[in-house]
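Here's the structure, in structure tokens; my notes come after.
The values are calculated or read from the model by the stated rules, or taken from the named source; none is laboratory data. The structure displayed is predicted, hence computed values, not measured ones. Virtual Cβ from ideal backbone geometry, glycine too; neighbours counted across all protein chains shown.
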Amino acid sequence: LGDQLAGAKSDTDADTDTDGGRSVLVGYSIGGMLALDFALDHPERVAALVLICTTPAFGGPDPSFKEAFLKARLAGLDAGQTMAQSAPGIVAGYLGERADDAAIELATEMAAAIPETTFRAVLKTLVTFNRRDDLGAVVPPCLIVAGSKDANAPAKTMVKMADRIPRTRFVEFDAGHGLPMECPEDLAQAIQAFLNDFEL
């Protein structure tokens, strides 16, 4: 992991320090990568894993996809825009049709508040992430939640991830990459049902 994600991983380590207890980790998008990474490195500290709109690795072996991804995501900033000016385009790239005006406004405000240096660093680190070959070693039960219209973490990719993790439940909703903002009640119900079934 790069410096930015390594720092976030350190924060996760501190937040899950429960005096020997175990935590349920819920990770969305890049947060899902962090949750997966932590669960693989510290299985004794994770009771269950919920991965939402995320993948075990970024792209495939072809570097052109990663280069195109970075170019598209950084186009506005490279053209001289501020994060506030780039935010609407960033949000439009992942929120689906089900997002209401309040969700769009909140997501735009959140994107605008990210420091440009952090945004650039995280994206450049994101394209190096790869724990695909370790999926069979995931110990805790895992809920994988995909959006059928998600172009960033395609449902078909998440199905393949689910097939390689030993104890997994896969759920798919009619949503884009902004699934938590597009169908929050459906997501909450799926997580609660998963936790109930595993008596967590």
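A residue that is over 29 Å from VAL24 (Cβ atoms) and modelled with pLDDT under 95 occurs somewhere in segment 51-61. Going by the conditions given, is PHE173 of a type in the set (Phe, Trp, Tyr) and surrounded by fewer than 17 Cβ atoms within 10 Å (Cβ to Cβ)? The answer is no for PHE173. Screening ARG169 with (1) within 19 Å of ALA190 (Cα to Cα); (2) out of contact with any Leu (no Cβ under 9 Å at 6 or more places or on another chain) gives one miss only, at (2). Restricting attention to segment 176-200 and to residues that are crowded, with 18+ Cβ neighbours inside 10 Å and out of contact with any strand residue (DSSP E or B) (no Cβ under 7 Å at 6 or more places or on another chain), the residue that is nearest to ALA92 (Cα to Cα) turns out to be GLY178. For segment 86-117, filtered to residues that are in contact with a helix residue (DSSP H, G or I) (Cβ under 6 Å, 6 or more places away or on another chain) and of a type in the set (D, E, K, R), the residue that is modelled with the lowest pLDDT is ARG98.
Of all residues in segment 43-90, those being over 30 Å from ARG22 (Cβ atoms) and touching a residue at least 60 places away in the same chain (Cβ under 8 Å) number 2.
Only a single item in (1) surrounded by fewer than 17 Cβ atoms within 10 Å (Cβ to Cβ); (2) in a helix (DSSP H, G or I) is not met by VAL91, and it is number (1). The single condition from (1) crowded, with 16+ Cβ neighbours inside 10 Å; (2) touching a residue at least 24 places away in the same chain (Cβ under 8 Å); (3) in a helix (DSSP H, G or I); (4) within 17 Å of the chain's Cα centre (by Cα) that ALA103 fails is (4). Scanning segment 55-85 for residues that are polar (S, T, N, Q), assigned to a loop (DSSP other than H, G, I, E, B) and either surrounded by 12 or more Cβ atoms within 10 Å (Cβ to Cβ) or touching a helix residue (DSSP H, G or I) at 6+ places or on another chain (Cβ under 7 Å) (or both) returns THR55, GLN81.
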